[in-house]
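Working notes for the structure below.
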């Protein structure tokens, strides 16, 4: 029943106590209702305790009121995405025969729970923090991205209610076409995942084409150990050889004799299956392309401990690495950028409301890396503005001269080493007219001392290749912003991350600072902060913290640079701000 009439609407509109533009920007659902803002306030907003106008001047910043409101079309970008109730999600997952209860509990580090409903409940609690697999062959983040789900759509629910029947791809290591060829009757399977575990797995059929991935024989044996008699073995010569590098000069008989006479007494690992038994770990949970040497080379904290005996890192991965979501294989980082179907319209670019297509922000903590970054900038074959930030404690005159020589029109600043790359970008934005640009491209000299050199190199290449990797890629990205007004950020699919890690407290504070509604508080961001960002998203991220003084990083140990600082939360807030403004990611 209405508790107001047309005269009430007119009265509040003329009272000076209601700011319609601010109200719409502060509460984006008003646009979705189709109602007049004043009428919406009288009908619902007032009862919900919503404010009719900013309570104080600074609310103009905190409530995005300096940002141009989105069009009706943009604000409706996700309104058709169905988000079922939490109880429905839990009930649907609990009813799935493919729910691996022990595996879910293992990933969450909790005691095994046998009640399916309880496991489904803790699954969804855990999913708020990181990517949890409900089954070894179902990767929620992979499924969501590969099948291009909306950001509100739950991947598990989508699979169980739709994707299962369509045989949509569920995991990087489950190749449907390969499996169809090996097991033709699987084409008609209702649930291809269950069909594999109940049929293909028991016949030792691997779930992926071995020509497309590198599979080590010991890992393959372990993967199928649940369906073989090897699982009870306490000794096998291959295990004894790989776990004991000092015995590599011995052959099979010599290895067996060594184990009986010496190794057994010394407690040496003689069976990879015994390792799994000791850790209560099922072989089918282990990724079939696990490579201990690559696992070590991707994580700097493992190099010193395991470089001489890489197979001992298997225990680390099982006990810690898998739970932490650590990468274990270069293939998880390598790969071509996703192609997009956008072609740059030169005329549209020229008539883009007199805005410069791109402003590039470069933060150079390591000035010696300028040459590499400059090579990417040369892939931009249209007008753009360049802003470069050096750091007070690391800048060199030679590097500044080189920037001037390569790009004479570049704006160069030198700032304190505060806030890492985020602080550098914010320094460059202090005098920027955001309305002048369609988008910003963020780049920095990334060395990432907290990860290995191999990892850092691949990470950096993936980030940069997705946004500036070639002239075609650059033009496709700009075309995407021009042609699709729902795209807010473009970044590398290989650097798509959904983990809050040690930044929960910081994110909670930023959710309050930025007034992020609960429905937009899921974590999704470009890990590494090199991306293209639509101008109004960039402004909305910058304004609330424009006067914030970040912590100086000079003299800080490595722990300072890994997690927990404000800049680590800001890196993540880009995605939340973007979604609240009605945009979505374009992952490449």
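Between residue 182 and residue 253, the FRET efficiency from the beta-carbon distance, with R0 = 35 Å, is close to 0.45. Averaging 1/r over each pair of different alpha-carbon atoms in segment 216-330 and inverting the result gives 14.6 Å, the Kirkwood hydrodynamic radius.
Which distance in nm do the two modelled labels at residue 397 and residue 162 give, with both placed 7 Å along the Cα-to-Cβ direction? Placing both labels 7 Å beyond Cα along the Cβ direction yields 6.3 nm. Residues 545, 247, ranked from the fewest to the most other C-beta atoms within 10 Å, line up as 247, 545.
As a proxy for reagent exposure, ranking 106, 41 by other Cβ atoms within 10 Å from fewest up yields 106, 41. A Förster radius of 30 Å, combined with the Cβ-Cβ distance separating residue 343 from residue 214, puts the computed FRET efficiency at roughly 0.25. Using only Cα atoms, locate the centre of segment 97-172 and the centre of segment 459-484, then give the distance between them in Å, rounded to an integer. Result: 31 Å between the Cα centres.
Where does each of 258-267, 433-442, 273-282 land if you order them by average Cβ count within 10 Å, highest first?
On the way: 258-267: 12.9, 433-442: 20.1, 273-282: 16.6.
So the peptides 258-267, 433-442, 273-282, ranked by packing, come out 433-442, 273-282, 258-267.
Using the scaling law 2.2 N^0.38 Å as the reference, what is the normalised Cα Rg of segment 86-202? Taking the Cα Rg and dividing by 2.2 N^0.38 Å, one obtains 1.04.
Distance between the 7 Å Cα→Cβ label points at residue 304 and residue 88: 5.3 nm. The three principal axes of the C-alpha atoms in segment 387-523 carry coordinate ranges of 48, 37, 36 Å, sorted with the longest axis first. Once Rg and the Kirkwood radius are both taken over the C-alpha atoms of segment 346-587, their ratio Rg/Rh works out to 0.93. I want to check the label-to-label distance for residue 319 and residue 14. Put each point 7 Å from Cα in the C-beta direction and report it in nm to one decimal. Those two pseudo-labels are separated by 7.6 nm. Gain on full extension, evaluated as 0.36 nm per residue between residue 238 and residue 519 minus their Cα-Cα distance, stands at 96.0 nm.
Any read-out appearing in this document is the output of simple, stated calculations on the displayed coordinates, not a laboratory observation. Please read these numbers as outputs of a predicted model, since none were measured by experiment. No Cβ is skipped: glycine too gets one built from the backbone with ideal geometry, and neighbour counts run over all protein chains shown.
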